[in-house]
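The values are calculated or read from the model by the stated rules, or taken from the named source; none is laboratory data. Bear in mind the structure is a predicted one, so any value in this text is a computation, not a measurement. Don't worry about glycine lacking a Cβ; one is built from the backbone with ideal geometry, like all the others, and counts go over all protein chains shown. Just so you know, the surface numbers come from the protein's heavy atoms only, side chains and all, with ligands and any DNA or RNA stripped out. Shrake-Rupley method; radii C 1.70, N 1.55, O 1.52, S 1.80 Å.
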Amino acid sequence: MADAAPGRFNTGRAVRRALAMLKRNIVANLAWAVVFTGLPDLAMAYANQGFSEDAPFGSLARWGFLVGTMLASMFGMTALQAVIARRTALDDSNRRASSRSVFGGLSDYLALATLGLVTGLGIVAGYALLAIPGIILSLAWFVVVPAMVTERLGVMESIRRSNALTREVRGEIFGLWVGVGILSFLAAWVGGLAIDALGIPALSLVVSSAIQAVIGLVDAILVVAVYQDLRESQEGSPADRLVEVFA
C-alpha cells in the first residue's frame, strides 16, 4: 500500500514506523516493559488471589481494587511510553540517553505522574459513563505522553497538544487501536490456553505477565509512532529536528 500524500496521517506508515522502532533497542525496551507493565501485572494478579471467591463483586473492596488496578496499569503505560519516546527521540538525533535517568529530573517525574493521574482518572470516569466518553478521551489523549516528553510541555499543554494533533484523524487512530487490540487479545488468549493446559498456576501467572509486558511494549511503541507520524504529516517536522528531550 502506498503512503498517503504529505499532510495526512497514514496508519500503514505509522505501523511500518512502529515495526522499525520495535527492532531498535529491543532488549532494553523489553526490560523496561517488564519493569513497568509485566511486574506490576504479576503483583496485581497475585494480590487478586487474596480476595475471597465468595466476596460480592459489588463490594467496596473489590471496586477499590479494580480502580486501583486500572490506575496502576495506566501509570505503568505512562512511564513506558515516556521511556520509549525519550529513547526514540535521542536515537533519531544521534544522542545517547543519560545513564542517570530514563526521564530526566524530579520535576519530570512529577509531571509524568500528574499527567498519568489526570488522564487516567478522566478515562476511567469516561468508561464508567457507558464507555463512549472513555473511548473519546482515549483517542483525544492518545499521544499526550510523547508530546510531553518530546516537546517538554506541561500537563495541560500536553493534553491540548494531543487534542490538536488527533482532532482530524481519530477515526483512523480508532481503527488502528481496535486492530492492534484484537491481535493482542488473540495472542494473550492463545498463550493463556497453552499455559493453562500445563496445569501449573504459578507458571500461568508469570507467563501471562510476560505476555502483558510484550503487549504493553507494542502499545507504547505504537503510540510513539503515531505521534511522530501525526507531527510530521501535519507540521513537516523531520526526526532530526525534534525538540531535545529531558536532557
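DSSP loop (so not H, G, I, E, B), at most 15 other Cβ within 10 Å: list which GluC sites (Glu not before Pro) in the range 130-173 pass both filters.
For GluC sites (Glu not before Pro) across the range 130-173 that sit outside H, G, I, E and B with at most 15 neighbouring Cβ atoms in 10 Å, the list reads Glu168.
From the backbone phi of the range 18-32, what are the Karplus-calculated ³J(HN,Hα) couplings (6.51 cos²θ - 1.76 cosθ + 1.60, θ = phi - 60°) in whole Hz, Gly and Pro given as x?
Once rounded to whole Hz, the list reads 4, 5, 5, 5, 5, 6, 8, 6, 5, 5, 5, 5, 5, 4, 5.
Once both labels are modelled 7 Å past Cα along the beta-carbon direction, what's the Leu198-Leu39 spacing in nm?
Result for the modelled spin labels: 2.2 nm.
Which order do Leu205, Leu193, Leu139 take when ranked by solvent-accessible area (1.4 Å probe, heavy atoms of all protein chains), largest first?
Ranking Leu205, Leu193, Leu139 by accessible area, largest first, yields Leu193, Leu205, Leu139.
Put Ser204, Ser162 in order of accessible area, largest first, 1.4 Å probe: what do you get?
Solvent-accessible surface, decreasing: Ser204, Ser162.
Please work out the FRET efficiency for the pair Leu110 and Phe65, using the Cβ-Cβ distance as r and a Förster radius of 22 Å; give the result to the nearest 0.05.
Computed FRET efficiency for Leu110 and Phe65: 0.25.
Express the carbon and sulfur contribution to the solvent-accessible surface of the range 125-236 as a percent, rounded to the nearest whole number, probe 1.4 angstrom.
72
At a probe radius of 1.4 Å, what is the per-residue accessible area of Leu60, in Å² to the nearest 10?
150
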